[in-house]
1. Can you give me the P(r) profile for region 307-362? Cα pairs, bins 10 angstrom wide beginning at 0, each as a whole percent.
2. Would you mind calculating the gained length between residue 359 and residue 66 on full extension (0.36 nm times residue separation, minus the Cα-Cα distance), in nm to one decimal?
3. How large is the convex hull of the Cα atoms of region 278-318 per residue, expressed in Å³ as a whole number?
4. Which translational diffusion coefficient, to the nearest whole µm²/s, is obtained for region 133-173 from the Stokes-Einstein equation, given a Kirkwood hydrodynamic radius over C-alpha pairs, 10 °C and 1.306 mPa s?
5. For region 266-304, list residues with backbone N below 14 Å from a point placed 7 Å from the Cα of residue 350 toward its Cβ?
6. Quick check on region 165-319: take the gyration tensor over C-alpha atoms, sort the square-rooted eigenvalues as a ≥ b ≥ c, and tell me if it's rounded (a/c under 1.5), prolate or oblate.
7. Under a point spin-label approximation (7 Å from Cα along Cα-to-Cβ), what is the residue 160-residue 322 distance to one decimal in nm?
8. Extending each Cα 7 Å along its Cβ direction at residue 273 and residue 312, get the distance between those two points in nm, one decimal.
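Derivation of every value follows stated rules applied to the coordinates shown; laboratory data play no part. If you're wondering where the values come from, they're calculated on a predicted model, not measured in any experiment. FYI the Cβ positions are ideal-geometry reconstructions off the backbone, even for glycines, and counts take in every protein chain you see.
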């Protein structure tokens with residue numbers, strides 16, 4: 001005969017054991033809102049973890065600190081080459097004399113440069129390369145500095161030196177080939193090459209077009225310009241959108257085109273948990289939430305939307321910046337806390353920027369976690385209760 005007391009005690013013991021095990025294995029998508037809010041002060045490598053509420057002033061501070069350096073501001077508009085001669089350039093020089101041509105005209109001159117109906121003579125000298133010292137040599141005028149001067153300045157120098165030797169001399173200097181005035185374009189383009197610059201004044205997009213264009217989507221491409229010791233980067237989409245950033249390139253510039261597939265990661269009670277690609281120009285928090293199809297109504301805690309980021313110290317409020325301890329790469333671990341229950345947050349989210357490698361996390365609502373617990377207990381106890389009932 002079965003002992004009811006024993007069966008009842010055994011069932012109770014089994015239930016308690018199963019409930020405790022259920023608590024230990026209850027599924028969760030990550031830390032709760034309380035866990036995040038109570039994050040320890042010390043993070044990776046001894047740095048401070050800051051929990052900051054997303055407000056209008058915080059958003060403005062981030063936007064001001066992360067403002068991208070622009071080509072126009074950093075490099076200037078530039079000027080077309082041809083106005084300045086460089087070493088290695090090839091020059092064509094023509095000298096004219098008024099009649100009677102006594103110096104250069106005695107050799108007969110160049111028939112193509114003889115004025116119709118007059119005895120004025122023009123002589124075209126052989127093409128000359130500007131030597132390593134930046135000079136050229138002109139008969140009867142001697143060695144003349146050419147590098148870092150305009151063709152008009154060189155022509156005036158030649159004319160002044162020939163005055164008194166030739167009869168009312170006039171000189172014309174023309175740049176034939178700018179062997180050294182080139183731009184190097186490399187990276188994710190159809191054809192890396194050295195592009196010669198002309199007096200037209202080639203701009204960033206002109207050089208990209210001459211290299212066959214970019215191979216990747218425009219909104220995922222970044223352009224870097226290196227000029228001397230200075231390097232500046234901008235998204236290609238921003239250069240196309242703002243004509244001022246399509247600056248005139250200078251000799252020696254190096255244009256590097258880079259494919260940079262930026263992304264952020266969505267975790268927790270969002271409709272999709274995945275790595276989400278974003279444009280090189282970035283997206284806003286509102287756009288990021290839209291790209292993961294928003295929050296899960298049955299799970300999400302609207303007060304528990306968090307953004308994990310290794311932030312630039314300049315983006316922090318002044319009172320936090322002075323006490324922040326940095327990671328080895330000079331960043332501060334920051335958790336931005338977003339209260340989606342506040343209607344004003346939706347306006348702020350339209351400006352708050354999402355950065356590459358950000359982690360967007362939405363915690364479960366407390367009631368959702370309790371419901372999970374009840375479901376686990378129910379699914380655990382039901383087979384036990386059935387077994388006990390059958391055994392009696």
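1. 21, 47, 29, 3
2. Values: separation 293, 0.36 × 293 = 105.48 nm, distance 1.80 nm.
Between residue 359 and residue 66, full extension yields 103.7 nm more.
3. Values: hull volume 4.5 nm³, N = 41.
Per residue, the Cα convex hull of region 278-318 comes to 109 Å³.
4. Roughly 154 µm²/s, to the nearest whole number.
5. 284-287
6. prolate
7. The two pseudo-label positions are separated by 6.1 nm.
8. 3.2
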